[in-house]
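The values are calculated or read from the model by the stated rules, or taken from the named source; none is laboratory data. Quantities reported herein were computed from a predicted structural model and do not represent experimental measurements. Ideal geometry is used to build each Cβ from the backbone, glycine not excepted, and the neighbour counts take in all protein chains shown. The area values use the complete protein model at the heavy-atom level, side chains included, leaving out ligands, DNA and RNA. Shrake-Rupley method; radii C 1.70, N 1.55, O 1.52, S 1.80 Å.
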Amino acid sequence: MTLVQHDADFDAANGIIDSEAPPHTPLAALYKQSFAYYTFRVRLPSTLDTIAKSLAKDKDELLSIYGADSASDIDQTAAAILELRSNILKNGPLQPFNDKEIDAGFWNAFLEQLPKEKRTYFATCWLYAECFMYREIWSIFISTRLAGFDYFRKQKQTAAQLSVEAMLAVANGTRKNERNLATFQKLMKLNLWGNRCDLSITSGKQVKPMGDAFDQVAHLDTNLLVDDTAVIWQTLEGSDGNGIVEFVFDNAGYELYTDLILAEYIIDKGLARKVRFNAKAIPWFISDVMAADYHWTLQFLIDHTQPVLSELGKKLKRFNDEGKFELAPLEHFWTSPYEFYRMAEVQPALYERLSQAQLVIFKGDLNYRKLLGDFSWNHTESFETCLRGFKPSNLCSLRTIKADLVCGLPPGISEQLFAKNKEWMLTGEYGTIQLASK
Ligand code: F6P
Ligand code: MG
């Protein structure tokens, strides 16, 4: 990892420890050899820089939407974003939110119970600090005339536009699907590898899916370190088909498209009566799906000049109108800092809703971090153990490995991969599909 200048001064002033997170402790940017440290020293400052620059670049467009009066709001917002950047680089405190948003109290109660000395970007658990940063960006915008603006919208839409070739190949390759284990496995893997395309790992730089997606699925099989697809198939195949599958979305663009392809299969083959999608309430980790991105994607497909995409879009929209696809009510828990094992205690209604599902599918790296509670588990510890009692229903995770935590690996695998590349956990080249049955 490329480290920044002046590290030594910063490290000494902030008690940075020159190691990875010790075994069985919360991950934190406090550990210099962790991805969290690099994230707060390099990646997130770069993300904030991009937001501030895009406000300047898109100023005319914003003025035409929000009115000439918003000029000073645009400038102030950009300045506040740069101030946030500088607070992070100074290891500033995580201050309570003073906006009027519905989740401000929920967040503030969470911050309040953190020990005072743990309320800074580098001292606290990585998960808390990173979620805080994305909520803070929202807070900056919400108190201006730009309230409600999705500052990541363009990047998400560009990601979808860049994926059309891959989308087309996938649509053509899935119109004659059959109800069997092999097809289900193929679609699950397609959906897993779709998670490689998130914009947050690259601080916003676009990643265009290249090559034939199905060839890649086969080719990447050796990189799939845990494959529970056969048991996941049984949880749906063996049901009466009248259940609900809950998807906890991750990224818009190509990944969302592969979510929809898997969901289409689940409905078409009678594996469930409804697929319910959980989107984010605020712009999140750059590429995460919000309700508007879901609707935009359906319309994007419908409007496409390629008939196969347009037909697919119309079909998915019909599923939506018939209630076979459904967007879950907005839920601020997904954009809170809470690990999932605390859901039953702090958001019992959501836990109860997930308990009604036949299967809950958690997508992506951040959801994985929340499932495992951003904790340095031993890599061979079981998925079940690491969930710390969180099991509303049958639950599975599809995740490409982009952060330095994992569990459930067969003995020896992690050591072999470290011997090949000491940064193997940060590349998104490896993946896991893990199930915890009810
Ligand atoms: O920044 C932390 C992180 O979890 C990365 O590890 C990952 O690149 C990104 O955020 C989000 O990934 P995903 O979109 O798969 O949740
Ligand atoms: Mg994401």
- Note on the structure: Residue pairs within 8 Å by beta carbon, gap of at least six or interchain, first lying in the range 341-364 and more than 18 Å from Lys280 (Cβ to Cβ) and in contact (Cβ under 8 Å) with a residue 12 or more places away in the chain, second open to solvent by 10 Å² or more (accessible area, probe 1.4 Å) and part of a strand (DSSP E or B), listed first then second, are Gln356/Ile244; Ala357/Ile244; Ala357/Arg276; Gln358/Ile244
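Looking only at helices (runs of 4 or more DSSP H) that fall completely inside the range 272-384, which ones have 1 or more residues that are surrounded by fewer than 16 Cβ atoms within 10 Å (Cβ to Cβ) and at pLDDT 95 or above?
Details: elements: 291-302, 307-321, 343-346, 348-355, 364-372.
Ranges flagged: 291-302, 307-321, 343-346, 348-355.
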- Does the range 394-413 hold any residues that are away from ligand 2 (no atom under 16 Å from the Cβ), under 15 Å from Thr222 (Cα atoms) and open to solvent by less than 10 Å² (accessible area, probe 1.4 Å), and which are they? Leu409
- Message: With the structure loaded, tell me whether Lys269 is within 24 Å of the chain's Cα centre (by Cα) and surrounded by fewer than 23 Cβ atoms within 10 Å (Cβ to Cβ) or whether it fails that test.
- Response: no
- Query: Condition test on Ile102, is it open to solvent by 50 Å² or more (accessible area, probe 1.4 Å), more than 16 Å from ligand 2 (Cβ to nearest atom) and within 23 Å of the chain's Cα centre (by Cα)?
  - Reply: yes
- Item | Output for the range 105-119, where each listed residue is under 23 Å from the mean Cα position of the chain (by Cα) and over 24 Å from Leu30 (Cα atoms) | Phe106
- Query: Asp365: in contact with a strand residue (DSSP E or B) (Cβ under 6 Å, 6 or more places away or on another chain) and either of a type in the set (Asp, Glu) or over 24 Å from Asp227 (Cβ atoms) (or both), yes or no?
  - Reply: yes
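Anything in the range 126-153 that is under 22 Å from Leu27 (Cβ atoms) and open to solvent by less than 10 Å² (accessible area, probe 1.4 Å)? List them, or say none. So that I can check it myself, show each step before the final result.
Looking only at the range 126-153, we keep the residues that are under 22 Å from Leu27 (Cβ atoms), and these are 126-137.
Of everything in the range 126-153, those that are under 22 Å from Leu27 (Cβ atoms) and open to solvent by less than 10 Å² (accessible area, probe 1.4 Å) turn out to be Trp126, Leu127, Ala129, Glu130, Cys131, Phe132, Met133, Tyr134, Arg135, Ile137.
Going by the conditions given, is Leu387 closer than 23 Å to Asn251 by Cα, away from ligand 2 (no atom under 16 Å from the Cβ) and buried (at least 23 other Cβ atoms within 10 Å of the Cβ)? I'd like the intermediate steps shown before the answer.
Numbers: closer than 23 Å to Asn251 by Cα: yes; away from ligand 2 (no atom under 16 Å from the Cβ): yes; buried (at least 23 other Cβ atoms within 10 Å of the Cβ): no.
No; evaluated as a whole, the condition is false for this residue.
Going by the structure shown, is Val231 at pLDDT below 85 and either away from ligand 2 (no atom under 15 Å from the Cβ) or in contact with a helix residue (DSSP H, G or I) (Cβ under 6 Å, 6 or more places away or on another chain) (or both)? I'd like the intermediate steps shown before the answer.
Values: at pLDDT below 85: no; either away from ligand 2 (no atom under 15 Å from the Cβ) or in contact with a helix residue (DSSP H, G or I) (Cβ under 6 Å, 6 or more places away or on another chain) (or both): yes.
The answer is no for Val231.
Mind checking whether some residue in the range 217-229 is outside any loop (DSSP other than H, G, I, E, B) and under 28 Å from Leu330 (Cβ atoms)? Step through it out loud before you land on a result.
Going residue by residue through the range 217-229, those that are outside any loop (DSSP other than H, G, I, E, B) are 217-227, 229.
Filter once more, keeping what is under 28 Å from Leu330 (Cβ atoms): none.
Looking through the range 217-229, none of the residues is outside any loop (DSSP other than H, G, I, E, B) and under 28 Å from Leu330 (Cβ atoms).
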- Note on the structure: For Leu114, the lone unmet condition from (1) loosely packed, with under 15 Cβ neighbours inside 10 Å; (2) assigned to a loop (DSSP other than H, G, I, E, B) is (1)
